[in-house]
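Notes for the one structure printed next.
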Amino acid sequence: MTTTTATAETDRRTVSGSTPGAARGPRRPGRIRRIGLPYLLLLPALVLELLVHLVPMVIGILMSFKALTRFSIRDWGAAPWSGWDNYKISVDINAPAGEALLHSFWVTCGFTVLSVGLCWLLGTAAAIFLQDTFRGRGLLRTLFLVPYALPVYTAVITWAFMFQHDNGLVNHVLHDQLGLTDKPSFWLIGDNSFIALLTVSVWKGWPFAFLVVMAGLQNIPKELYEAAALDGAGMWQQIRRITLPSLRPVNQVLVLVLFLWTFNDFNTPYVLFGKAAPEAADLISIHVYQTTFATWNFGTGSAMSVLLLLFLLVVTGLYLLLTSRRRKTADV
């Protein structure tokens, strides 16, 4: 009986192909091709990422350790090494270069906080408002996305004309039509330049927040709102207790993306003010550009760029760490 049972078990393993030898056999070529196919498809993107981002980044880091001026930029590889001198100049707040960089840093921080906050607030409010079905909702969605769909240069140039002192639309409305100002204001110079820059940044950035939040609202079951309404919850209570907590994962990614885009924004101030931005709107991106190409201090400009990169990496890492811990705490 024992011999018969062992023979049957051996036959079953042979038929099913599950013998120990077969389990440890070599992988089939087809399986290897299936495993390697995703990496093969990612190879072109990895090569482009290497050429477009990583290689220039490494070159920029090397340039930050060299004494690069207009006289040595032609053959920058043979330029003398300066060590940490460029970084010392950048962080020395008692020196003109360091003091100017610190001022630009604080201006950028204030501008980023206001721009990201207003973009999120307007985008969230518009997405919640358009959550219900009503006549003309599709048209409003299309109109709200127009600033995001327009090319950056076209939109900013249009705003630059609108902010003109003599014949701009902004002064025409505020001063001539509404009488809110005593005289036409200069929006592209002086302290008002910060308001002009913030206005353009929010105008072209809030539709992205609107689009992301609107997509996140589609994942919230309507039954939650119906149950809350039956329990007597008003609109504000539903937003506070259902909408905002459900949108927390979406908002975490949205705020991070808006922060990185806004803090690194170069096109908006460059097109709006030109190569020399006013002191009130001297964002760090424009400041690094002026240091590098206006004063021909390529080594110092590269050092400032590396410091900016390190700052963004640290802030991003801390943000992701805090949000992941908060998510784990909420899950528990």
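Points worth noting:
- Computed over the chain with a Gaussian network model linking Cα atoms closer than 10 Å, the most mobile of LEU150, LEU130, LEU40 is LEU40.
- Stretch in the chain that is longest and holds no trypsin sites (Lys or Arg not before Pro) that DSSP places in a loop and that have at most 16 other beta carbons within 10 Å: 136-274
- Scalar couplings 3J(HN,Hα) for the stretch 144-154, obtained by applying the Karplus form with A = 6.51, B = -1.76, C = 1.60 to θ = phi - 60°, are 5, 8, 4, x, 6, 7, 5, x, 4, 5, 5 Hz; x denotes Gly and Pro.
- Residues of the stretch 27-165: accessible area per residue with a 1.4 Å probe, Å²: 69
- Taking the chain as a Gaussian network of alpha-carbon nodes connected by springs under 10 Å, the highest mean-square fluctuation of the residues LEU46, LEU102, LEU169 belongs to LEU46.
- Label corresponding to Rg/Rh (Cα atoms, Kirkwood Rh) when calculated from the structure given, among (i) 1.15; (ii) 1.11; (iii) 1.25: (i)
- Remark: the stretch 240-332 carries 53 Å² of accessible area per residue (probe radius 1.4 Å; ligands, DNA and RNA excluded).
- In order along the stretch 38-54, phi translates into HN-Hα couplings of x, 5, 5, 5, 7, 4, x, 5, 5, 5, 5, 4, 5, 6, 8, 10, 5 Hz, rounded to whole numbers, per the Karplus curve 6.51 cos²θ - 1.76 cosθ + 1.60 with θ = phi - 60° and x for Gly and Pro.
- Phi angles of the stretch 164-169 translate, via the Karplus equation with coefficients 6.51, -1.76, 1.60 and θ = phi - 60°, into HN-Hα couplings of 4, 6, 7, 10, x, 5 Hz per residue; Gly and Pro are given as x.
- Degrees between helix 298-331 axis and first principal axis of the chain (Cα, 0 to 90, nearest 10): 50
- Here the accessible area of the chain is 67 percent carbon and sulfur, with a 1.4 angstrom probe and all protein chains present.
- In summary, the aspartates and glutamates within cross-link reach of LYS88, defined as a Cα separation below 19 angstrom excluding same-chain residues under 8 places away, comprise GLU99.
- Considering helices alone, the calculated mean residue ellipticity of the chain at 222 nm is -20500 deg cm²/dmol, with DSSP H runs of length four and up weighted by -39500 (n - 2.57) and normalised per residue.
- Once backbone amide H atoms are built at 1.01 Å from N, ASP92 has GLY98 as its partners under 5 Å, excluding neighbours fewer than 5 places away on the same chain.
- Close amide H contacts of LYS66 (hydrogens built in the peptide plane, cut-off under 5 Å, sequence separation of 5 or more or a different chain): SER82.
The values are calculated or read from the model by the stated rules, or taken from the named source; none is laboratory data. Note that the coordinates shown come from a computational prediction; the quantities given were computed from them, not determined experimentally. Here the Cβ is made from the backbone with ideal geometry for all residues, glycine too, and neighbour counts use every protein chain on show. Each accessible area value is taken on the protein alone, full model and side chains, heavy atoms only, with ligands, DNA and RNA left out. Shrake-Rupley method; radii C 1.70, N 1.55, O 1.52, S 1.80 Å.
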